[in-house]
Amino acid sequence: MNTPAARDPRLRFAALLEQHRGIVVKIARGYCAHQEDGLDLIQDISVQAWDAFDSFDPARARFSTWLYRVALNVAISQVRRQQLRQRHHAGLEEDTLPVDEGAPAEQQHAVKQLEDAIRMLPPLDRALMLLHLDDHHRQIADILGISTANVSTRLHRLRQQLRARFDPTA
Amino acid sequence: MHTDPLKQLWHQAGGDADDSEATAALNSWRRHRQYAAQRQLSAFSAVQVMQLLFWLALSIYCGSVWWQQPPRAVMLSAVALHVYCVAVIIVSAARLHLVGQLQPDQPVLQQSRQLALLRMQTAAGELLLGLPWCWLWLAVPVLVAWQAWSIDLSAFAARALLISLVAGAALMTALLLLARRWQRQAPESPRLQRAIDALSGRRLAGARAELEALRDWNAR
């Protein structure tokens, strides 16, 4: 553990953030309908995460758990601002963060439908669903600060709700 | 439909895609200083600290005026302003305390609740301090005239000044007593509710609704 990366917090942070970039990008997708907003959110999350990196203790939490907390806190607190900005975007063509362009058109459409369905959820429900979809089930209670029983109950309801709104086979 | 297809689809959403714009945004932390100034909470804290220092200085000044036992109207004006300053100091300190408790890596629900509480305290504080100021500002020219030119302005408009001070003090006391209650639940009278909504731009009602929603979210 005496490598330059382990000694220099900047190098350590850069490596960890790069390794977990999917978390940040997916949260931006889940919370922002427009590419510009999504990129702003990614930017804010990375700055806030670096700002708080001193408080990250690997003995207390995994980096992914810690990053989820920071990212979701930034995203949820920005929902209000995004809602205001969305008024300015009203009437404009949607310009979302790019989906995997190599994927078939049908799949891209289904992904977009899923993202739209997720973005219709209230901010905390959205956080819960994003964590669930990203297979971070065991960390959900810890990240959100709610009981595991509450996680199960809410997830069950959300799945039903999403099922009613979104059907990938349609 | 099962959730597994959803998960499968979500994993294909391209979160790990090597998108150059997303990469550039992700690297913003390297230009940390450039963005530090843009952070809203820091700006909010700075405003609160400046406000706190200003009202602290004004509070000391008002205290020094009434301590000298000037004519009655001047003394009453100084006391009223002093009390107002103390109220502003308490409200600003409470907001700063809440901002200080916010941690970027705290559990999401906890932070959402603290931010909603901060919004509520800000809205309630502005209502509590803004309305009485409509009457209490008259005390300022009285103090300035007395300090600068030893003129007692109350000699020209004793009644207006007295009404203004009494109205301001009464309003502040009433709002202080009601503020805590309003934070917990909306007033029963629809007319009063409409008046509060109009005065606070519905911010108080919005913050209360947000807190209630968070409470429900955790309870269910």
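The values are calculated or read from the model by the stated rules, or taken from the named source; none is laboratory data. Keep in mind it's a predicted model, so treat the numbers as computed, not measured. In this analysis, Cβ positions are derived from the backbone assuming ideal geometry, glycine residues included, and neighbour counts consider all displayed protein chains.
Would you pick out the residues in region A:142-154 that are facing chain B (nearest Cβ under 9 Å), of a type outside the set (Lys, Arg) and part of a helix (DSSP H, G or I)?
Selection gives A:Asp142, A:Ile143, A:Leu144, A:Asn150, A:Thr153.
State all residues of region B:134-186 that are assigned to a helix (DSSP H, G or I) and among the charged types (D, E, K, R); if no residue qualifies, say none.
Scanning region B:134-186 gives B:Arg159, B:Arg180, B:Arg181, B:Arg184.
Matching residues to (1) in a loop (DSSP other than H, G, I, E, B); (2) among the basic types (Lys, Arg); (3) within 21 Å of B:Val108 (Cα to Cα):
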{"site": "A:Leu17", "(1), (2), (3)": "no, no, yes"}
{"site": "A:Gly22", "(1), (2), (3)": "no, no, yes"}
{"site": "A:Gly30", "(1), (2), (3)": "no, no, yes"}
{"site": "A:Glu36", "(1), (2), (3)": "no, no, no"}
{"site": "A:Asp51", "(1), (2), (3)": "no, no, yes"}
{"site": "A:Asp54", "(1), (2), (3)": "no, no, yes"}
{"site": "A:Ser64", "(1), (2), (3)": "no, no, yes"}
{"site": "A:Arg69", "(1), (2), (3)": "no, yes, yes"}
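Give me a count of the residues in region A:95-114 that are closer than 16 Å to A:Val25 by Cα and either modelled with pLDDT under 70 or surrounded by 16 or more Cβ atoms within 10 Å (Cβ to Cβ) (or both).
The total comes to 9.
Could you say which residue among A:Phe63, A:Phe56 is at pLDDT 85 or above and farther than 22 Å from A:Arg126 by Cα?
Of the residues listed, the single one that is at pLDDT 85 or above and farther than 22 Å from A:Arg126 by Cα is A:Phe56.
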